[in-house]
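*Asks:* I have a structure I would like to understand better, so I am pasting it below and will then ask my questions one at a time.
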Amino acid sequence: MPTLLIAAAPALAWSLLLSGAVVILSLVPLGAGRANANFTPEDLAAPRAMFERLPAWGQRASWAHQNSFEAFTLHAPACLLCLQAGAAGPLLTAAALLQPLLRLIYIGAYVANQPLLRSLCWAVSLSCTAVLYMEGLKAVLAS
């Protein structure tokens, strides 16, 4: 196995794990928003129905949480493709590790109503996922 593959595989596995953790961590500000809106056991019947009661930052937390799932559903297959295809390289490793970090910053920027930072994090993290798809496809075509 090439040395870069050994370095890339752990980065991809960590990226997959950390990206999943970001989805779970996105529940923290959403939970705080719901607590601020006096979430009660009755709200469990329809938790999305209480959206209008959330403060503005809580509504943004809800959107950030939903977007975290969307980002994960794009990123996880890219990581798996690269792992399966044996893709490697410093660009792939950097993109794999940068994506979950940017997604975490994205959540904070969304909740704090920092649209420029949020948009930048969204675009660059999506680009990181695109890099993984490209590198994975190159590895598949090369084999």
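Any read-out appearing in this document is the output of simple, stated calculations on the displayed coordinates, not a laboratory observation. Every value quoted in this text rests on a predicted model; they were computed, and no experiment measured them. Backbone-built Cβ (ideal geometry, glycine too); neighbour counts: all protein chains shown.
*Asks:* So which residues in region 125-142 are under 21 Å from residue 24 (Cα atoms) and of a type in the set (A, V, I, L, M, F, W, C), if there are any at all?
*Replies:* Correct list: 126, 128.
*Asks:* Turning to a different aspect of this structure: Which members of region 103-130 meet the condition of being surrounded by 21 or more Cβ atoms within 10 Å (Cβ to Cβ) and either farther than 18 Å from residue 72 by Cβ or hydrophobic (A, V, I, L, M, F, W, C) (or both)?
*Replies:* Result: 107, 109, 111, 121, 128.
*Asks:* Residues 9, 32: which one is without any contact (Cβ under 8 Å) to a residue 40 or more places away in the chain, surrounded by fewer than 20 Cβ atoms within 10 Å (Cβ to Cβ) and either touching a Lys or Arg at 6+ places or on another chain (Cβ under 6 Å) or small (Gly, Ala, Ser) (or both)?
*Replies:* Details: 9 fails: without any contact (Cβ under 8 Å) to a residue 40 or more places away in the chain.
Answer to the selection: 32.
*Asks:* Within region 55-99, restricting attention to residues that are of a type in the set (S, T, N, Q) and in contact with a Ser or Thr (Cβ under 8 Å, 6 or more places away or on another chain), which residue is farthest from residue 26 (Cα to Cα)?
*Replies:* 99
*Asks:* Give the number of residues within region 43-72 that are in contact (Cβ under 8 Å) with a residue 40 or more places away in the chain and of a type in the set (A, V, I, L, M, F, W, C).
*Replies:* Counting residues in region 43-72 that are in contact (Cβ under 8 Å) with a residue 40 or more places away in the chain and of a type in the set (A, V, I, L, M, F, W, C) gives 8.
*Asks:* Can you name the residue in region 62-87 that is touching a Lys or Arg at 6+ places or on another chain (Cβ under 9 Å) and of a type in the set (Gly, Ala, Ser) and, of all such residues, is farthest from residue 143 (Cα to Cα)?
*Replies:* 62
*Asks:* Of all residues in region 24-66, how many are over 15 Å from the mean Cα position of the chain (by Cα), part of a helix (DSSP H, G or I) and among the aliphatic types (A, V, I, L, M)?
*Replies:* Number of matching residues: 8.
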